[in-house]
Amino acid sequence: MAAWGRPNRKMTFFDIDPQLEDIARHSFSYLKRCGEFCDVVIGDGRLSIEKVPDGEFDVLMLDAFNSDSIPAHLVSREAVSMYVRKLKPNGMILFHVSNRYMDVKGLVSAVALDAGLAGIVRYDEDEGAPGKTSSDYVVTARQKEHFGHLNENPNWLEMEKPEKIQPWTDDYSNMMAIVRRPAKE
């Protein structure tokens, strides 16, 4: 994402692990090249984002759901409500929901729809380029019109309400409801 930083496109990265910033700065060139257009905030993502003034972001991207442990506090009803407050009026939240073991897309869809958000989903299954793996995304916004040209793109599908997943809250999460079960033979 740092490669997209420009004078008119400021990036702020939130990460809980200070070692990741060190790795990014010393083993890769993206942050260095991004320079003053990229900031890194070390700390819990939700708590750090909460300190940002309301209406600050055009796009808020969350990419913390690909391991076998989902940080529930980042995808709760209360967290999503706070993210929406941090968006500009036509802003969007992008969730990277790729996960082999859990239905993160279903969870994000349940929470987003519960918040009254519009949503679209993309399944990028192209693995043709060396090192590329498939990726799944959910984009949410206050109104469908805020997706702009993505509304006409056939690769983006309307988000559907999951049948068996309830929205998580700060007081309720159900990991077993999102565990992917092997198909029956």
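Here the condition is being surrounded by fewer than 15 Cβ atoms within 10 Å (Cβ to Cβ) and without any contact (Cβ under 8 Å) to a residue 40 or more places away in the chain; of Ser98, Ser48, Ser67, it holds for Ser67 alone. Just give me the residues in region 96-107 being out of contact with any Lys or Arg (no Cβ under 9 Å at 6 or more places or on another chain) and either of a type in the set (D, E, K, R) or in a strand (DSSP E or B) (or both), in sequence order. Selection gives His96, Lys105. For region 75-95, enumerate the residues that are in a helix (DSSP H, G or I), open to solvent by less than 20 Å² (accessible area, probe 1.4 Å) and either more than 18 Å from Arg9 (Cβ to Cβ) or aromatic (Phe, Trp, Tyr) (or both). Once the filter is applied, which keeps residues that are in a helix (DSSP H, G or I), open to solvent by less than 20 Å² (accessible area, probe 1.4 Å) and either more than 18 Å from Arg9 (Cβ to Cβ) or aromatic (Phe, Trp, Tyr) (or both), region 75-95 yields Ala79, Val80, Met82, Tyr83.
In summary, Asn66 fulfils each of the numbered conditions (1) more than 21 Å from Asn155 (Cα to Cα); (2) in a helix (DSSP H, G or I) with the single exception of condition (2). Within region 162-179, track down each residue that is loosely packed, with under 12 Cβ neighbours inside 10 Å, in a loop (DSSP other than H, G, I, E, B) and modelled with pLDDT under 95. Matches in region 162-179: Glu163, Lys164. Among residues of region 123-149 that are in a loop (DSSP other than H, G, I, E, B) and open to solvent by 60 Å² or more (accessible area, probe 1.4 Å), those with a Cβ under 9 angstrom from a residue that is modelled with pLDDT of 95 or more and among the small types (Gly, Ala, Ser), sequence gap 6+ or separate chain, pair up as Arg142/Gly91; Arg142/Gly116; Arg142/Ala118; Gln143/Ala118.
Per the listing Gly55, Gly119, the residue uniquely touching a strand residue (DSSP E or B) at 6+ places or on another chain (Cβ under 8 Å), in contact (Cβ under 8 Å) with a residue 24 or more places away in the chain, in a loop (DSSP other than H, G, I, E, B) and of a type in the set (Gly, Ala, Ser) is Gly55. Could you list, in sequence order, the residues of region 22-45 that are assigned to a helix (DSSP H, G or I), open to solvent by less than 90 Å² (accessible area, probe 1.4 Å) and out of contact with any Leu (no Cβ under 8 Å at 6 or more places or on another chain)? Residues satisfying the conditions are Asp22, Ile23, Ser27, Leu31, Cys34, Gly35, Phe37.
The values are calculated or read from the model by the stated rules, or taken from the named source; none is laboratory data. From a predicted model like this one, the values you see are computed outputs, not experimental measurements. A quick note on method: Cβ atoms are made from the backbone with ideal geometry, for glycine too, and the neighbour counts reach across all protein chains shown. Areas reflect the complete protein model, heavy atoms only, side chains present, ligands, DNA and RNA absent. Shrake-Rupley method; radii C 1.70, N 1.55, O 1.52, S 1.80 Å.
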